[in-house]
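Each reported figure results from applying straightforward, stated rules to the coordinates on display, with no laboratory input. Worth saying up front: this structure is predicted, and the values here are computed from it rather than measured. Every residue, glycine as well, gets a Cβ built from its backbone with ideal geometry; the counts of neighbours run over all protein chains shown.
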């Protein structure tokens with residue numbers, strides 16, 4: 001017999017999109033198991049439109065992509081993540097990239113990110129910030145300028161601040177003012193946008209971690225009952241944990 005909790009969760013399962021951060025198995029096998037993925041490639045260098053069109057065509061029509069915004073928007077050129085860019089950076093990019101600076105480089109990076117999102121038919125884009133992006137007055141001003149100026153084309157925008165310097169009240173106020181979703185690992189910190197959840201599960205304490213069933217049941221209780229939400233696993237057993245969580249949500 002289904003428990004009351006399970007029945008209640010099964011009614012809202014279509015609004016909870018569950019997947020992993022990146023394809024960790026073949027796309028065809030993945031699509032048979034899960035219906036959502038967070039694309040990582042777009043963070044380092046967005047793939048060609050032809051490649052993105054192929055990815056979209058390879059998946060079922062109801063399969064959903066989300067994607068990470070290009071790092072030129074969020075990360076300054078000194079970030080070690082730039083090592084994965086194959087082409088050398090121009091002096092212009094080195095000077096203008098990162099921290100939501102309202103520069104030609106950052107604007108072009110957003111346009112490329114938006115083109116990728118449109119091609120993948122993605123509803124939601126994630127902006128992942130480095131821990132070096134602290135809540136200084138200058139950085140907050142830059143965020144306000146960036147998010148109030150870009151053309152969103154109806155996309156949901158999730159923002160993942162990192163580091164203890166970001167206080168809940170600051171995150172909450174910026175998310176409300178700039179219409180952002182707070183992307184977070186809810187076992188590390190609670191969401192300040194509880195009706196619009198974007199959870200990224202990195203493993204408790206460490207990446208080499210497998211979630212207990214009781215933890216996944218607790219995770220399900222943190223999600224809203226009627227609104228769209230996302231849960232992406234990014235730990236060593238991400239596929240298995242995503243499938244276990246999907247079973248709990250579906251009942």
Next on the checklist: If each residue of separation counts as 0.36 nm, what is the full-extension length gain between residue 165 and residue 92 once their alpha-carbon separation is subtracted?
Outcome noted: 23.3 nm
Next on the checklist: Nearest 500 deg cm²/dmol is fine: what mean residue ellipticity at 222 nm does the chain get from its DSSP H runs of n ≥ 4 alone, each adding -39,500 (n - 2.57), divided by its residue count?
Outcome noted: -11500 deg cm²/dmol
Checklist entry - For residue 14 and residue 131 in the same chain, what is the full-extension length gain: residue separation times 0.36 nm, less their Cα-Cα distance, in nm? => result 38.8 nm
Checklist entry - Points 7 angstrom from Cα along the Cβ direction at residue 57 and residue 190: gap in nanometres? => result 4.8
Checklist entry - What does the chain give for Rg and for Dmax, in Å, if only its C-alpha atoms count? => result 18.1, 65
Checklist entry - With the chain treated as a Gaussian network of Cα nodes joined by springs under 10 Å, which of 178, 126, 67 yields the largest mean-square fluctuation? => result 178
Item to check | Most mobile of 218, 64, 96 in a GNM of the chain (Cα contacts under 10 Å) | outcome: 218
Item to check | Within a Gaussian network of the chain (alpha carbon springs, distance under 10 Å), most fluctuating of 109, 122, 50 | outcome: 50
Item to check | Ascending count of other beta-carbon atoms within 10 Å, so fewest first, for 231, 169, 106 | outcome: 169, 106, 231
